Amino acid sequence: MDYDIVSIGAATVDIFVTSPSIKLAEGILSFKSSSKNEISSGLICSGGGATNSVTTFSRLGLKTNCISLLGSDPLSQYILDDLKKEKIDTPFLHQSKKENTDFSVIVVGPDSSRTVFTSRGSSRLEASYLPWSKLKKVKWFYITSLEGNLDLLETIIGFAKENGILLALNPGNREISEPRRLLSLISHTDFLLLNQTESEALSGLSSASSSFWEFFQNLSPTVAITNGRLGAHFLTKTDHLYSPIINVRPVDETGAGDAFGSAAVAALFYGRKPATALEWGIKNSASVVSQLGAKKGILTLKQIKSNVI
């Protein structure tokens, strides 16, 4: 099958917990030591940038797949089952017999912010796991965190350039920790997604600096920089667009960035203008944060084209 977009990166199992016993004060979540507490709501589901983004692409009508590394433990079945529900085939998922599947325990605070505890299992992809011969006709790669494997990122970029594949990149913290090398690779991408903290760390500039936005306009043809509840910026070589968030009641902020970036790239795939790509990103992320988990609120193509979330 010729795929429109293939997502590459992490696949995890996310375990969400909310409880009235969790208190928030001065940015610190707390609960009583050695206590037993009631959970007001909980959820176990798949997560990670690759499975979150591929779900958006599927609901928005694109032929899509993802490349991730799973363990062979019972947790991996949550990921496989969730993708099956979305009618996403999984021929490119690689299951390691020696490693455990990544999982995160996500504590959602009273203000819908989330604190994440992550157990790294087998998520680090290597070039040998990618089915290169079956990827030559893909139109876009959507690359999320590679657990710092910049050698793999460089290989993917070289393959994409050889085969005329467009590249979207949402790097993780481990990639951003090597800014000099990452910046040299970003110059070969077509779309870059960062949040404000990541963009400041990568550029070494404050977003209040007049040179900050110019830096990113010269870095990649299209750059999206999100800033949580303060909205998002969308940069091209000639334009600087901004959108506030949509006023929804937030439940959980997990997956907002994945929802924004994947919807924006889907709009670009469909030939929409940057303003529409920004709008789609804002709509999808607003819908996602209004529900628990990173996938429940992902919009369909009909929904995202409408004015209703």
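The values are calculated or read from the model by the stated rules, or taken from the named source; none is laboratory data. As the structure is a prediction and not an experimental result, all values here were calculated from the model. Don't worry about glycine lacking a Cβ; one is built from the backbone with ideal geometry, like all the others, and counts go over all protein chains shown. These accessible areas exclude ligands, DNA and RNA; they are computed on the full protein's heavy atoms, side chains included. Shrake-Rupley method; radii C 1.70, N 1.55, O 1.52, S 1.80 Å.
Somewhere in the range 6-15, is a residue over 20 Å from Val265 (Cα atoms), open to solvent by less than 20 Å² (accessible area, probe 1.4 Å) and not in a strand (DSSP E or B)? Within the range 6-15 (the criterion being over 20 Å from Val265 (Cα atoms), open to solvent by less than 20 Å² (accessible area, probe 1.4 Å) and not in a strand (DSSP E or B)), the answer is no, since none of the residues qualifies. Got at least one residue in the range 129-136 being part of a loop (DSSP other than H, G, I, E, B), open to solvent by 60 Å² or more (accessible area, probe 1.4 Å) and either touching a residue at least 12 places away in the same chain (Cβ under 8 Å) or within 19 Å of Leu268 (Cα to Cα) (or both)? Looking for residues that are part of a loop (DSSP other than H, G, I, E, B), open to solvent by 60 Å² or more (accessible area, probe 1.4 Å) and either touching a residue at least 12 places away in the same chain (Cβ under 8 Å) or within 19 Å of Leu268 (Cα to Cα) (or both), one finds at least one in the range 129-136, hence yes.
To keep it simple, each residue is scored yes or no on (1) touching a Ser or Thr at 6+ places or on another chain (Cβ under 8 Å); (2) open to solvent by less than 40 Å² (accessible area, probe 1.4 Å); (3) not hydroxyl-bearing (Ser, Thr, Tyr).
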position	(1), (2), (3)
Ala266	yes, yes, yes
Phe269	no, no, yes
Ala275	no, no, yes
Leu278	yes, yes, yes
Asn284	yes, yes, yes
Val289	yes, yes, yes
Lys296	no, no, yes
Gln303	yes, no, yes
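Of all the numbered requirements in (1) without any contact (Cβ under 8 Å) to a residue 12 or more places away in the chain; (2) part of a loop (DSSP other than H, G, I, E, B), Thr197 misses one, and that requirement is (2). Of all residues in the range 253-260, one or more are open to solvent by 40 Å² or more (accessible area, probe 1.4 Å) and outside any strand (DSSP E or B).
The set of residues from the range 24-79 being assigned to a strand (DSSP E or B), within 21 Å of Phe141 (Cα to Cα) and open to solvent by 60 Å² or more (accessible area, probe 1.4 Å) is empty. Checking each residue in the range 156-168 for being outside any loop (DSSP other than H, G, I, E, B), free of Cβ contacts under 8 Å to residues at least 40 places away in the same chain and either polar (S, T, N, Q) or surrounded by 15 or more Cβ atoms within 10 Å (Cβ to Cβ) (or both) picks out Ile157, Phe159, Ala160, Asn163, Leu166, Leu167. A Cβ distance below 8 Å, combined with a sequence gap of six or more or placement on separate chains, defines the contacts here; from the range 200-229, residues that are within 19 Å of Tyr142 (Cβ to Cβ) reach residues that are open to solvent by less than 40 Å² (accessible area, probe 1.4 Å) and acidic (Asp, Glu) in the pairs Ser220/Asp190; Pro221/Asp190; Thr222/Asp190. Restricting the search to the range 176-194, which residues are closer than 24 Å to Ala266 by Cα, outside any strand (DSSP E or B) and touching a Gly at 6+ places or on another chain (Cβ under 9 Å)? Answer for the range 176-194, where residues must be closer than 24 Å to Ala266 by Cα, outside any strand (DSSP E or B) and touching a Gly at 6+ places or on another chain (Cβ under 9 Å): just His188.
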